[in-house]
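What follows draws every value from the coordinates through simple rules; no lab data is involved. Every value quoted in this text rests on a predicted model; they were computed, and no experiment measured them. Cβ coordinates were reconstructed from backbone atoms using ideal geometry, including for glycine residues, and neighbour counts include every protein chain displayed.
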Amino acid sequence: MAQSGYGLVEQHSHRRLELQARDDQRVPLQKDKFNLNNGTGEVDAEGGKTHGEGGGNCTACRHLIFENPVNLALFVVPVAMYAVYAEWGPTSIFALNFVAILPLAGILGAVTELLAMSVGDTLGGLLNATFGNAVEMILAVFYLRKGASQVDVVQGSLLGSILSNLLLVLGMCFMCGGMKFHVQKYNANGARLQAALLLLSVLALVLPSLAALAQGKKHGPETDLWISRGAAIILGIIYIMYLVFQLGTHPEAFTSDGAEEEEVTMGPKCAISLLIIVTLLVAYCSEGLVDSMEGMIDKCGISRSFIGVVLLPIVGNAAEHATAVTVAMKDKMDLSLGVALGSSAQIALFVVPFTVLVGWAMGVPMDLNFQPVKTGIMLLTVLIVGNAIQDGESNWLEGAMLLAAYFLVGVTFWFLE
């Protein structure tokens, strides 16, 4: 999954400042390792020639592969693909494809970021919104193809993605960063806005359940569906407005003074090619994962709720989680919150409506009635996180509390069917 939120805005804002300064002064800015042409091999930051597009692309590819320790699992990808082809047992297929998707998801998100940086703010934001959570969307589509019996798994995986970002990732960032730094600061305005958007998404999840309670026996499944579809369209519109606000009118709300991240460049052609290849690999492994789940449940006795809420979100987020913790330990908390809060808002406002509308198109009754337990956990999580981030400062104890909340949720869903 790509860094949405703070990280994307920071990169685009920095690019605009660099280009504006160059136009005003008519001389290139002196910044180490900065390439204004995104790997095209024309002019570098010091006015000299680069090593060409191929050299820049090779450097970016090495950075993608070796920067994250999760990518060591790439060697599992061909084994997992062969396991599907050879029809190994469901447990082996599930486990191998589970591990194989971990690094692929991280590479997919990173390539999306690089491509977004090279095509401008508007198209870049759209690409990041579309492919930033591609793994979650691909898994959801494959599950919905199985029919209405898999709707609860899709709902659980979407809920789990939000919970893991808010509690597990943010908790790890606060705790690991807090053990190295006494107090860490970040832009509280953007964080509060993200929390408010998440509360809005919780309202959309609560409405179908409230309608069912209010109408009693008069309430039917069709009512849930139409409420959910209307809410999905509204949330999608709000997400578009959020992108405009974040990337266009108020980017300063998501960055801190002095925040800076080293830029790695890649040519658009290379990025698009990698994006297609990795997406196809993720789709193949996701299909194997989905097809083997029922057999794995019967053999191992793991509950469907635990798989949906805890295991599946790890598939799409592990590489991104490692990146968030790494930058938190460098005291770059705005980038860390961009992963945790930004990705949660992206899932709640874009991926959840996407699955409802895709289910509508496929004739599958995918709705926003996540049932009282899941909806209640989501509401309490957003309230806890909102209270923790409102002061713009973090410490290790706040991280420990968020991690404790996540473990409580995991224990609950272990015993729920």
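If R0 is taken as 45 Å, the Cβ-Cβ distance between Leu397 and Glu87 corresponds to a FRET efficiency of 0.35. Cross-link list Lys185/Lys374; Lys146/Lys299; Lys299/Lys374: which exceed 22 angstrom alpha carbon to alpha carbon? The pairs that break the limit, which is 22 Å between Cα atoms, are Lys185/Lys374; Lys299/Lys374. Once backbone amide H atoms are built at 1.01 Å from N, Met366 has Trp360 as its partners under 5 Å, excluding neighbours fewer than 5 places away on the same chain. Ordering 350-362, 330-342 by mean Cβ neighbour count within 10 Å, with the highest value first, yields 330-342, 350-362.
Between Phe66 and Val79, what length comes free when the chain is fully extended (0.36 nm per residue of separation minus the Cα-Cα distance, one decimal in nm)? Could the numbers behind the result be given before it?
Numbers: separation 13, 0.36 × 13 = 4.68 nm, distance 2.04 nm.
Full extension from Phe66 to Val79 adds 2.6 nm.
Phi-derived couplings, Karplus 6.51 cos²θ - 1.76 cosθ + 1.60 at θ = phi - 60°, listed residue by residue for segment 383-392: 5, 4, 5, x, 5, 6, 9, 5, 8, x Hz, with x used for Gly and Pro.
Which of the peptides 179-191, 157-169, 364-376 is most tightly packed, and how do the rest follow, judged by the mean count of other Cβ atoms within 10 Å per residue?
Numbers: 179-191: 17.5, 157-169: 26.8, 364-376: 19.9.
Descending packing order for the listed peptides: 157-169, 364-376, 179-191.
When segment 316-417 is described by a simple charge dipole with +1 on each Lys and Arg Cβ and -1 on each Asp and Glu Cβ, the residue from Ala361, Leu397, Val385 located farthest towards its positive end is Ala361.
Each residue of segment 335-345 was assigned a 3J(HN,Hα) from its phi angle through the Karplus curve 6.51 cos²θ - 1.76 cosθ + 1.60 (θ = phi - 60°); the sequence is 5, 5, 5, x, 6, 5, 6, x, 5, 4, 5 Hz, with glycine and proline shown as x. Backbone geometry of segment 136-145 corresponds, through the Karplus equation with coefficients 6.51, -1.76 and 1.60 at θ = phi - 60°, to 3J(HN,Hα) couplings of 4, 5, 5, 4, 4, 5, 5, 5, 5, 5 Hz, x marking Gly and Pro.
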